Amino acid sequence: MDLDALNAIAVAMVAPGKGILAADESSGTIKKRFDSIGVDSTEENRRDYREMLFRTEEAMRDHISGVILFDETIRQNAADGTPLVKLIQDAGSIPGIKVDKGAKDLAGAPGEKVTEGLDGLRERLADYHALGARFAKWRAVIDIAGEEIPSGYCISTNAHALARYAALCQEANIVPIVEPEVLMDGDHDIDRCYEVTEFTLKSLFDELYAQDVALEGTILKPNMVIAGKGCPTQASVEEVAEKTVRCFRAAVPAALPGIVFLSGGQSDEEATAHLNAMNAGYKDQMPWGLSFSYGRALQAAPLKAWGGKVENVPAAQAAFAHRARMNGLAQLGQWTSDLEKAA
Ligand code: 13P
């Protein structure tokens with residue numbers, strides 16, 4: 001493991017004004033996204049759609065520090081034969097790879113999940129490094145439902161797996177993004193999300209320490225502290241920012257170079273406003289870079305504008321460039337809703 005090299009990659013992933021494009025939808029998830037615009041999820045359509053994003057020059061060069069890819073995409077070539085990985089590298093962005101095999105039912109814990117994918121991971125990481133990946137992602141899913149879920153068992157098994165994955169990544173000179181996602185599905189309030197997120201993060205950092213993972217070469221991808229979608233009382237932007245920063249200051253060691261949020265079902269503008277409020281109000285209280293690693297909040301607008309039609313590519317690229325720029329500004333704490341409308 002070359003910790004200086006890992007640290008340099010992690011720092012570049014949270015460079016000022018930049019964040020991550022999560023384009024690593026699994027086959028099932030990308031089909032759902034394509035179904036929503038009436039496009040068949042063929043290998044060629046998936047390639048065309050992602051190629052269009054990676055060729056959005058301004059967005060990629062100025063605001064996207066790295067792209068998380070799915071196994072199919074890291075091996076794919078653009079229509080003109082250029083590897084998609086090379087398009088990303090040529091734009092000055094870093095290719096990354098999702099390596100988990102998804103959240104599966106956790107034995108003995110009805111309603112809870114554990115993420116699989118550790119078997120053979122050492123060999124897969126070597127393969128991905130040779131293909132150009134310099135960081136990876138593993139997502140654990142923590143649901144909130146009533147008093148009993150999540151269980152300590154669910155959180156500890158997921159934290160253990162995240163740490164095993166992270167240690168293998170670092171051995172392969174790949175920066176691990178550790179993603180323990182506390183879902184925003186449900187009717188729980190923001191304080192319940194705070195409690196579960198804090199417990200989850202503390203369990204995760206205990207495991208990372210126990211398994212000798214170097215935080216200087218690690219990136220955290222968490223949920224924000226936010227009320228469940230079905231909660232009758234939705235917190236203000238300022239409350240989300242204040243509670244999220246408070247929770248992370250309590251649970252995340254300062255040695256970590258960066259935190260990149262998932263959007264998790266927030267609207268694209270909400271995800272931007274929340275990130276902006278944290279960076280605008282609390283930058284001097286945070287030892288880590290705070291940025292985005294959005295899937296839906298970066299892609300919803302371009303996906304809709306594209307609709308699978310080649311004549312819509314310029315409009316879709318403009319929509320992607322706009323969202324990337326808005327989130328880049330939010331990373332700097334310089335976004336405003338007026339800039340949003342100036343699209
Ligand atoms: P969302 O931003 O759509 O939640 O996706 C991010 C991601 O990569 C989840 O693993």
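Looking only at residues that are part of a helix (DSSP H, G or I) and among the hydroxyl-bearing types (Ser, Thr, Tyr) in segment 199-242, which one is farthest from residue 270 (Cα to Cα)? Across segment 199-242, the extreme among qualifying residues is 209. Residues of segment 247-299 that are within 19 Å of residue 96 (Cβ to Cβ), within 12 Å of the ligand (Cβ to nearest atom) and small (Gly, Ala, Ser): 263, 264, 293, 295, 297.
Of the listed requirements (1) surrounded by 17 or more Cβ atoms within 10 Å (Cβ to Cβ); (2) over 25 Å from residue 218 (Cβ atoms), residue 90 misses just one: (1). Filtering segment 128-150 to residues that are out of contact with any His (no Cβ under 9 Å at 6 or more places or on another chain), part of a strand (DSSP E or B) and more than 16 Å from the ligand (Cβ to nearest atom) leaves only 149.
Among the residues here, residue 213 does not qualify as more than 15 Å from the ligand (Cβ to nearest atom) and open to solvent by less than 10 Å² (accessible area, probe 1.4 Å).
Of all residues in segment 151-185, those being open to solvent by 40 Å² or more (accessible area, probe 1.4 Å) and within 16 Å of the ligand (Cβ to nearest atom) number 1. Residue 307 fulfils the conditions (1) within 16 Å of the ligand (Cβ to nearest atom); (2) in contact (Cβ under 8 Å) with a residue 40 or more places away in the chain except for a single criterion, (1). Does residue 113 count as under 23 Å from residue 206 (Cβ atoms) and either within 16 Å of the ligand (Cβ to nearest atom) or in contact (Cβ under 8 Å) with a residue 40 or more places away in the chain (or both)? Considered against the rule, which asks whether it is under 23 Å from residue 206 (Cβ atoms) and either within 16 Å of the ligand (Cβ to nearest atom) or in contact (Cβ under 8 Å) with a residue 40 or more places away in the chain (or both), residue 113 comes out as yes. Only a single criterion out of (1) in contact (Cβ under 8 Å) with a residue 40 or more places away in the chain; (2) closer than 18 Å to residue 247 by Cα; (3) out of contact with any strand residue (DSSP E or B) (no Cβ under 9 Å at 6 or more places or on another chain) is not satisfied by residue 195, namely (1). Name the pairs whose Cβ atoms lie under 6 Å apart, with the first residue in segment 313-340 and more than 25 Å from residue 288 (Cα to Cα), the second open to solvent by 50 Å² or more (accessible area, probe 1.4 Å), and 6 or more positions between them or separate chains? Cβ pairs passing all conditions: 321/58; 322/343. Total residues in segment 117-127 satisfying the condition of being without any contact (Cβ under 8 Å) to a residue 24 or more places away in the chain and either in a loop (DSSP other than H, G, I, E, B) or in contact with a Phe, Trp or Tyr (Cβ under 7 Å, 6 or more places away or on another chain) (or both): the figure is 2. Of the helices (runs of 4 or more DSSP H) lying entirely inside segment 243-343, those containing at least 2 residues that are among the aliphatic types (A, V, I, L, M) and open to solvent by 30 Å² or more (accessible area, probe 1.4 Å) are 296-306, 313-332.
The values are calculated or read from the model by the stated rules, or taken from the named source; none is laboratory data. Keep in mind it's a predicted model, so treat the numbers as computed, not measured. Glycine also receives a Cβ, built like all others from the backbone with ideal geometry; neighbour counts cover every protein chain displayed. Surface accessibility is based on the protein's heavy atoms, side chains included, excluding ligands, DNA and RNA. Shrake-Rupley method; radii C 1.70, N 1.55, O 1.52, S 1.80 Å.
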